[in-house]
1. For residues that are closer than 17 Å to T35 by Cβ and either part of a helix (DSSP H, G or I) or not small (G, A, S) (or both), tally how many sit in region 205-232.
2. Do any residues in region 206-223 that are among the acidic types (D, E) have Cβ atoms under 9 Å from those of residues that are open to solvent by 60 Å² or more (accessible area, probe 1.4 Å), where the two are at least six apart or on different chains, and which pairs are they?
3. Enumerate the pairs (first residue in region 6-22 and open to solvent by 10 Å² or more (accessible area, probe 1.4 Å); second residue anywhere and outside any helix (DSSP H, G or I)) with beta-carbon separation below 8 Å, excluding pairs fewer than 6 apart on the same chain, so at least 6 apart or on different chains.
4. Being at pLDDT 90 or above, within 20 Å of the chain's Cα centre (by Cα), of a type in the set (V, I, T) and part of a helix (DSSP H, G or I), is that true of even one residue in region 2-24?
5. Would you please name the residue that is nearest to the chain's Cα centre (by Cα), looking only at residues in region 233-260 that are part of a helix (DSSP H, G or I) and β-branched (V, I, T)?
6. Quick check on my filter: what residues within region 43-72 are farther than 12 Å from Y13 by Cα, free of Cβ contacts under 8 Å to residues at least 60 places away in the same chain, in a helix (DSSP H, G or I) and open to solvent by 50 Å² or more (accessible area, probe 1.4 Å)?
7. Can you tell me how many residues in region 195-239 are hydrophobic (A, V, I, L, M, F, W, C), at pLDDT below 85 and open to solvent by less than 30 Å² (accessible area, probe 1.4 Å)?
8. Would you say A80 is free of Cβ contacts under 8 Å to residues at least 60 places away in the same chain and among the small types (G, A, S)?
Amino acid sequence: MSRLLEWAARLGYAARGLVYLGLGTIALLAAGDLTPQAKGATGVLETWAGWPMGLVLIGGVGCGLTGFAAWRAIQAVFDADHHGTSPKAWAIRAGQAISGLVYGGLALSAFELLDVFEDFGEADEAGDIQETSAAVLGAPHGDGLLILAGLVVIGFGVGNVIQGLTQDFGRRLACDKALCRWVEPLAKIGYAARGLATLPVGVFLMLAGLEARATEARSWGQALQTVEQRPFGGFVLGALAAGLIAFGLFGFVEARYRRISPPSELSI
């Protein structure tokens, strides 16, 4: 059982790396005006759907992300990374739980794309985020809930930037010192870029709550596109794209070298 969990986690890190590699590549092409706009994770999956063997790729990524979501749940519930029970540790484990939900949802989107007989390729990230925001606004205290959601997303982004600046990523990896020194900058740049790229999404969610208008909400791809429309936005988007690619590449490093120890409660 523990061996199966380890391989599910490793496949998950690789799948996450592949998704971010796709996100960064499309954003880089958008920064160079070689493609209409940056896309979010679902948009990347839709792009792959048009490739030869694309459905096979999407299926593999869906399986990998399912494994990653399960591993995130185990990290959060059983403290597989041994963070402890300090307030900081609980915050990390809560973040892992939320991450598991997000990647589980993305895995579900991947499997839905495989159903070529039912609305294939008609998903709309921008419409989805605005419909969800409208539903939240329609609930009691919905504006406050959207503001809170925006603050959570901003907190996630800031946390990623802090991780990139301060964390020793080498201690997570079972690799020699020379290799760890080479790959650690990928993690630092990647985490910082992912955090900065996430901040606009949180800001737009807050605006949607403050102004009680669902149309203010933006998908990840839309938020990056808004960044590009600012002065020197093409350079900023290009830098963020390069960082997202670095994060994706680090995902493959984690898939191979990350220290993964399934909790004893699940060992058989």
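1. Adding up the residues that qualify gives 10.
2. Cβ pairs passing all conditions: E211/D143; E216/L210.
3. Correct list of pairs: E6/I260; E6/P262; R10/R258; R10/I260.
4. Yes, some residue in region 2-24 is at pLDDT 90 or above, within 20 Å of the chain's Cα centre (by Cα), of a type in the set (V, I, T) and part of a helix (DSSP H, G or I).
5. Checking each candidate, the answer is I245.
6. Selection gives V56, L57.
7. Residues meeting the conditions: 2.
8. It is false that A80 is free of Cβ contacts under 8 Å to residues at least 60 places away in the same chain and among the small types (G, A, S).
The values are calculated or read from the model by the stated rules, or taken from the named source; none is laboratory data. Keep in mind the model is a prediction, meaning the values are calculated, not measured. Don't worry about glycine lacking a Cβ; one is built from the backbone with ideal geometry, like all the others, and counts go over all protein chains shown. Surface accessibility is based on the protein's heavy atoms, side chains included, excluding ligands, DNA and RNA. Shrake-Rupley method; radii C 1.70, N 1.55, O 1.52, S 1.80 Å.
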